[in-house]
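Below is one structure; the comments refer to it alone.
Any read-out appearing in this document is the output of simple, stated calculations on the displayed coordinates, not a laboratory observation. Not measured: the values here are computed from a predicted model. Using ideal geometry, Cβ is built from the backbone for each residue, glycine included, and neighbour counts are taken over all protein chains shown.
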């Protein structure tokens, strides 16, 4: 079961959360490059994700979006929800690292420089109530199929872009050849390069 939420700060993005550590393991494995992962630092918590549109990056995560995701993450931590000040770590999904020997749901990071932190100093009941009203539960979500569909669409788009680029270059080259031919023809037709019949020297055989 996956829980989906609508962020008031940006309803166009997808915010979702795993049910337990086993489902979190699937989310870690089949996340999208457009995903950002949120977790309570140094405590167990739910894994909260926000999925941005393609082409968007960490700089497009607004303060309001980050706070909503962090409030949701803190609220879904058995230990964190009891604490006043809780530090939340967030990072791109692509920065998550899973190695042999790690517990279920446990992750590391490829680059520490890509980790960001947000401290929740106070529980914001208004944000949490608004998020709870938008919660949708979905059973039997096939994370692998969704990721493969996403990747397939990306491959098709790249192929289309490549073919479009090839066609653009072909048209440009064809136009360049036409212009070159016109330029060559125009030079032949210049008056300085033309001769009249009067200028033709008659062949001596014509007078024999």
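Place a point 7 Å from Cα of residue 8 in the direction of its Cβ. Which residues in the stretch 114-142 have their backbone N less than 11 Å from it?
The answer is 124-133, whose backbone nitrogens lie closer than 11 Å to the label point.
Against the longest alpha carbon principal axis of the chain, how many degrees, from 0 to 90 and to the nearest 10, is the axis of helix 143-188 turned?
That works out to roughly 20 degrees.
Sketch the reach of a paramagnetic label on residue 94 as a point 7 Å from Cα along Cα-to-Cβ, and name the residues of the stretch 116-147 whose backbone nitrogen lies under 20 Å away.
Those under the cut-off are 116-117, 144, 146-147.
Roughly how many nanometres apart are two label points built 7 Å out from the Cα toward the Cβ at residue 185 and residue 144?
Between residue 185 and residue 144, the label points sit 6.2 nm apart.
Compute the long axis of helix 63-75 from its Cα atoms, compare it with the longest principal axis of the Cα atoms of the chain, and write down the angle in degrees, 0 to 90, nearest 10.
Here the helix axis deviates by roughly 40 degrees.
Over the residues of the stretch 1-63, compute the C-alpha Rg and express it relative to 2.2 N^0.38 Å.
That works out to 1.11 for the stretch 1-63.
Label residue 64 and residue 103 with points 7 Å out from Cα along Cα→Cβ: what is the distance between them in nm?
3.7 nm
Helix 125-134 sits at what angle to the longest principal axis of the chain, using alpha carbons and giving 0 to 90 degrees rounded to 10?
With both axes taken from Cα atoms, the answer is about 60 degrees.
With the calculation restricted to Cα positions, what are the radius of gyration and Dmax of the chain in angstrom?
Answer for the chain, Rg first and Dmax second: 32.3, 123 Å.
Using helices alone, what [θ] at 222 nm do you get for the chain, with -39,500 (n - 2.57) per DSSP H run of 4 or more residues, divided over all residues and rounded to the nearest 500?
-13000 deg cm²/dmol
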